[in-house]
Amino acid sequence: MPSDEEMYDISSADDRALRDEELADLVDTEAAPARVTYSTQDFSIDGLVKRLNRKSMMVPQFGHSDELIKVAGFQRGFVWSKAQMDRFVESLLLGYPVPGIFLVKQADDNRMLILDGQQRLITLQHFYGGLYRGKEFTLDNVGDEFKGLTYRTLDESLQFKLDDSYMQATIVAADGSPEVDDAIFQIFERLNSGGTQLTPHEIRVSLAAGPLMSSIEKLNNGDDWRKLYGTRSKRIRDHELIMRILALYSNSANYARPLKSFLNTFARNNRSIEIANEERGVLFRTACELINSSIGPKAFRRPGGSQVNTAQAEAICVAVMKSIAEGSTPSNLSERFDRLLDDSEFIKHTGRATADKDAVDTRLTRAQAALS
C-alpha cells in the first residue's frame with residue numbers, strides 16, 4: 001500500500017505506471033461512500049463491435065467534444081501497447097475468460113458510454129476493421145497458431161468463435177446528479193486494476209465532461225505553459241496540474257483531504273464554465289507568460305533537475321495569479337524565486353509532502369509571501 005506521503009516530481013517522459021501520489025490519492029478514503037443501482041448484460045463480441053461502429057456505444061476521446069455525449073463519459077487517450085492488444089485477442093480465440101466492461105447509459109437516448117473497458121473494445125474495433133495506426137492489424141505477439149493472422153484471414157470457424165464469444169457489462173443509468181456521479185467514481189476506483197491502471201484525473205474527467213475540461217485543454221495548449229511544463233503528458237498529468245492550480249486559486253481556504261474529492265467538487269461545480277475565457281483563465285495565461293519570461297522552465301523544477309515538481313509549480317502559479325489579481329506583482333520575480341528555493345519550509349512541503357491541508361496551506365502561503 002502506498003505511503004500517505006506524496007512525491008510530487010512528475011517526469012516529462014510519462015510511463016504507464018501510476019505514480020506514488022496518484023496511488024495515494026486513489027486509496028484515500030471517503031467519509032460516506034455513495035450508493036448506486038446497476039444491471040448486468042452479456043454482449044457478443046460481434047455485437048459490441050457493431051454497436052461501436054454505429055455509435056450506440058461510445059468511447060469519448062479526451063480533449064474533444066461530441067454532441068452525442070450528453071452525460072459524463074470516460075475520456076482519455078488509448079494507452080495499451082500493441083502486445084497487450086494482440087494478447088487480448090488471442091485470449092478470446094483461446095476461449096479464456098476476460099474481464100467485463102463498465103458502461104454508463106444516457107437517460108435521454110440510451111446510448112452507452114464506456115467507463116471501463118475502452119482498451120479492450122477499441123482493440124476489438126481495430127482488429128475487426130483490420131487497421132491499427134494506419135497499418136494492417138496482424139497478430140504478432142501471440143503463439144505460433146495465430147501469428148501473422150488478421151480477422152479476415154482467420155479460419156471461418158475461428159471467426160465464428162470470436163464473433164460468438166461474449167463479455168459481461170455492468171450498466172449504471174446516469175442522471176447527472178452529484179450523488180450518481182460520486183457513486184460512479186467510487187465504483188470505478190474499486191474496479192481500477194490490471195496492466196494499465198488509470199490515474200485519478202483520468203477517472204475524474206469522466207464525471208465532468210463538458211466545457212470545463214475542453215477549456216482547460218485550451219489552456220494546456222498555451223505557448224508559455226508548454227514551455228514551462230515541457231513534453232505533453234500521455235496520461236494528461238499536465239491537464240490535471242492546471243486544474244489543481246485553478247482549484248487552489250479559487251478555493252484554497254476550503255481545501256481538505258482527500259485531494260480527489262476537492263478536485264471532483266471543483267470539476268462538478270465548474271463543469272459548464274469556459275474557464276479559459278473568464279477571469280481565472282486570463283490570470284492563468286498572464287501568470288504563465290510572466291513566469292516564463294522572468295524565470296523560465298526552472299520555475300517548475302528543482303535546481304539542475306529536469307522533472308516537473310507539481311507542488312512547486314502549483315504554489316508558484318497560484319501565488320503569481322493572486323499577485324496579478326491584487327496588482328502587486330514584483331518586477332524582480334526571478335530574484336524572489338531564487339530566495340523562495342532557499343526557504344526550508346517551502347522545500348519541505350514541496351519535496352516530500354503530504355496532501356494534508358497544513359502542507360498545502362504552508363507551501364501556498366510561503367510562495368505568496370515570497371513572490372508578492
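What the table shows:
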| read-out | value |
| --- | --- |
| GLU335 within 26 Å of the chain's Cα centre (by Cα), among the charged types (D, E, K, R) and part of a helix (DSSP H, G or I) | no |
| Every residue from the stretch 88-143 that is under 15 Å from LEU154 (Cβ atoms), open to solvent by less than 20 Å² (accessible area, probe 1.4 Å) and small (Gly, Ala, Ser) | GLY130 |
| Wholly enclosed strands (runs of 3 or more DSSP E) of the stretch 100-188 bearing at least 2 residues touching a Phe, Trp or Tyr at 6+ places or on another chain (Cβ under 7 Å) and in contact (Cβ under 8 Å) with a residue 24 or more places away in the chain | 112-116, 166-174 |
| Which numbered condition SER214 fails, given (1) among the polar types (S, T, N, Q); (2) open to solvent by less than 50 Å² (accessible area, probe 1.4 Å); (3) at pLDDT 80 or above; (4) assigned to a loop (DSSP other than H, G, I, E, B) | (4) |
| Subset tally (residues that are touching an Asp or Glu at 6+ places or on another chain (Cβ under 8 Å) and either at pLDDT below 60 or open to solvent by 60 Å² or more (accessible area, probe 1.4 Å) (or both)) for the stretch 47-61 | 1 |
| Residue, nearest to the chain's Cα centre (by Cα), within the stretch 196-211, restricted to residues that are at pLDDT below 65 and surrounded by 22 or more Cβ atoms within 10 Å (Cβ to Cβ) | SER206 |
| Positions within the stretch 330-347 being of a type outside the set (A, V, I, L, M) and either surrounded by 15 or more Cβ atoms within 10 Å (Cβ to Cβ) or touching a residue at least 12 places away in the same chain (Cβ under 8 Å) (or both), in sequence order | PRO330, SER334, ARG336, PHE337, ARG339, ASP343, GLU345, PHE346 |
| Pair list, Cβ under 7 Å, 6 or more apart: the stretch 352-372 residue without any contact (Cβ under 8 Å) to a residue 12 or more places away in the chain, other residue in a helix (DSSP H, G or I) and open to solvent by less than 40 Å² (accessible area, probe 1.4 Å) | ALA359/HIS349 |
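The values are calculated or read from the model by the stated rules, or taken from the named source; none is laboratory data. Just so it is clear, the model here is predicted, and its values are computed rather than measured. Heads up, the Cβs are rebuilt from the backbone with ideal geometry, glycines too, and the neighbour counts pull from every protein chain shown. Each accessible area value is taken on the protein alone, full model and side chains, heavy atoms only, with ligands, DNA and RNA left out. Shrake-Rupley method; radii C 1.70, N 1.55, O 1.52, S 1.80 Å.
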